[in-house]
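J.: Shown below is the structure under consideration.
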Amino acid sequence: CGNLFQGTFHPFRKSNRSVVGKFLQEVRLVASDRRSWRILLFGALNLLCTGCLLMWCSSTNSMGRHTRTHTHTHTCSLITCLVSSWVTMKKPSQFYSFGFERLEVLAVFASTVLIQLGALFILKESVERFMEQPEVHTGRLLVGTFVALFFNLSTLMSVRNKPFAYVSEAASSSWLQEHVADLSRSLCGIIPGLSSMLLPRMNPFVLINMAGALSLCITYMLIEINNFHAVDTASAVAIALMTFGTMYPMSVYSGKVLLQTTPSHVIGQLDKLLREISTLDGVLELRNEHFWTVGFGSLAGSAHVRIRRDANEQLVLAHVTNRLLPLVSTLTVQIFKDDWTRPLLTSALTSPAVAHPHAEGYAASSLMPPALPGGELDPMTSTPTKLSGPPPEFSFNTPGRNVPPVLFAAAGPHSHRPYGNLGLGFMRPGAGLGLGHLNVTPTLRASLTLLTL
């Protein structure tokens, strides 16, 4: 038995798989889902169609056709669909407690930024092409336009892209969508049946594909009629600008989600819920509240709730959670009771002789009423409990409780004489009351002067 436990004991096994092995494992996980087969099928068709269109672009020498092929909008869309399918099959881990939903956001942000960078490169190439405009062959230009339009629309309709669909609805409208929306309202006034497809605004991916195909059709007509080849480069610039303007609001929205900001469309609802929580029975204060988006449509938040000392913690927690859970899917609420206590007046416990040390020859006396035996105080007022014997506090000839101690001069050697403590000297019988016969202190001299006035 002693040989069984020799060597180092490792309670947790370490994975020895390489990065390639882990990647292949995740690919097999995605391929095991039947819903991913459709995405992989359209991905293979996309590669085939892209290769065919690139060959036609080189034969036609068309910059507009080249722009529609190299923006890679449908390619990025299919990759995002695969990432979304993989995220739905993964569960939260120790290192990713909120799950992998932020990878969807990252995939959308990277796709939109990549498409915008491609549009900027097309703009640069188009400006250089304006200097020396080559001849454009229109033999396969129109055929390639309709093949690309059919494939892109079929991909958009067949494969449901959940991340891009959410972003296109939540993000602000692009300038192209706003202009088309004005035309759509006028058209739907004539044909009401189109309102379900055109209103309130068109799908940005369908719109950019339709606008690109229309631009290439106009290019084909102008080259065939007037032999105006420069319109092909102008069409490429227009398609690049429309692509950049369509992707920019999506990249801004996904970037805000990555920065863990609160969505603007839920701020009003959150404010209303927080006001309702602050009025709950037992709730004194709601502090350190923070809400942010983990993924598309997934909101997380945390808050600290201060309650009364006599309130039920579980009951308040249940009410707060019931209010916020319909809007905040991942919620952390910390309940703590009010621990505020009023500080005691320690000076009331001290004796007058200790609180006001007197010099030699003086005696200290306090006009305050005595405290309870043992120095007990009233816990509500932090003052000595009122005794039943003395008269009420606000009766006449009764000093207040907070009057400081009064110090009197100590009795001198002539304590049997009247006013001996005031510093008056001995006065012979029959002598007048004059200041010259008295041993008067400066304070007493000022007081007697005022009395004579």
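The values are calculated or read from the model by the stated rules, or taken from the named source; none is laboratory data. What you see is a predicted model, and the numbers here were worked out from it, not measured in a lab. Ideal geometry is used to build each Cβ from the backbone, glycine not excepted, and the neighbour counts take in all protein chains shown. The protein model used for the area step is the full one, side chains on, heavy atoms only, and it has no ligands, DNA or RNA in it. Shrake-Rupley method; radii C 1.70, N 1.55, O 1.52, S 1.80 Å.
J.: Does any residue in region 286-312 that is closer than 15 Å to residue 274 by Cβ come within less than 7 Å, Cβ to Cβ, of a residue that is aromatic (Phe, Trp, Tyr) and surrounded by 19 or more Cβ atoms within 10 Å (Cβ to Cβ) six or more places away or on a different chain, and which pairs are these?
T.: Here the result reads 299/291; 301/291, each pair linking region 286-312 to a residue that is aromatic (Phe, Trp, Tyr) and surrounded by 19 or more Cβ atoms within 10 Å (Cβ to Cβ).
J.: Are any of the residues in region 36-48 assigned to a helix (DSSP H, G or I), touching a residue at least 60 places away in the same chain (Cβ under 8 Å) and open to solvent by 70 Å² or more (accessible area, probe 1.4 Å)?
T.: yes
J.: Sticking with this one: Here are the criteria: (1) closer than 24 Å to residue 112 by Cα; (2) open to solvent by 70 Å² or more (accessible area, probe 1.4 Å); (3) in contact (Cβ under 8 Å) with a residue 24 or more places away in the chain. Tell me which single one residue 178 does not satisfy.
T.: Failed condition: (3).
J.: Within the bounds of region 105-118, is there any residue that is of a type in the set (A, V, I, L, M), within 22 Å of residue 300 (Cα to Cα) and free of Cβ contacts under 8 Å to residues at least 60 places away in the same chain?
T.: yes
J.: When residue 157 is evaluated against the numbered criteria (1) in contact with an Asp or Glu (Cβ under 6 Å, 6 or more places away or on another chain); (2) of a type outside the set (Val, Ile, Thr); (3) without any contact (Cβ under 8 Å) to a residue 60 or more places away in the chain, which criterion, by number, is the only one it fails?
T.: (1)
J.: Sort through 208, 223 and tell me the only one that's under 26 Å from residue 73 (Cα atoms), touching a residue at least 24 places away in the same chain (Cβ under 8 Å) and assigned to a helix (DSSP H, G or I).
T.: 208
J.: Let me ask something additional. Given the residues 277, 267, which is the only one that is open to solvent by 60 Å² or more (accessible area, probe 1.4 Å), aliphatic (A, V, I, L, M), out of contact with any Gly (no Cβ under 9 Å at 6 or more places or on another chain) and part of a helix (DSSP H, G or I)?
T.: One residue alone meets the criteria, 267.
J.: Is it fair to say residue 132 is open to solvent by 20 Å² or more (accessible area, probe 1.4 Å) and without any contact (Cβ under 8 Å) to a residue 24 or more places away in the chain?
T.: So residue 132 passes the test.
J.: Right, here's the next one. Checking the condition surrounded by 18 or more Cβ atoms within 10 Å (Cβ to Cβ) and of a type in the set (S, T, N, Q), which residue from 93, 62, 58 passes?
T.: Among 93, 62, 58, only 62 is surrounded by 18 or more Cβ atoms within 10 Å (Cβ to Cβ) and of a type in the set (S, T, N, Q).
J.: Sticking with this structure for a sec: Considering only residues that are more than 16 Å from residue 79 (Cβ to Cβ) and assigned to a helix (DSSP H, G or I), which ones fall in region 13-28?
T.: Result: 19, 20, 21, 22, 24, 25, 28.
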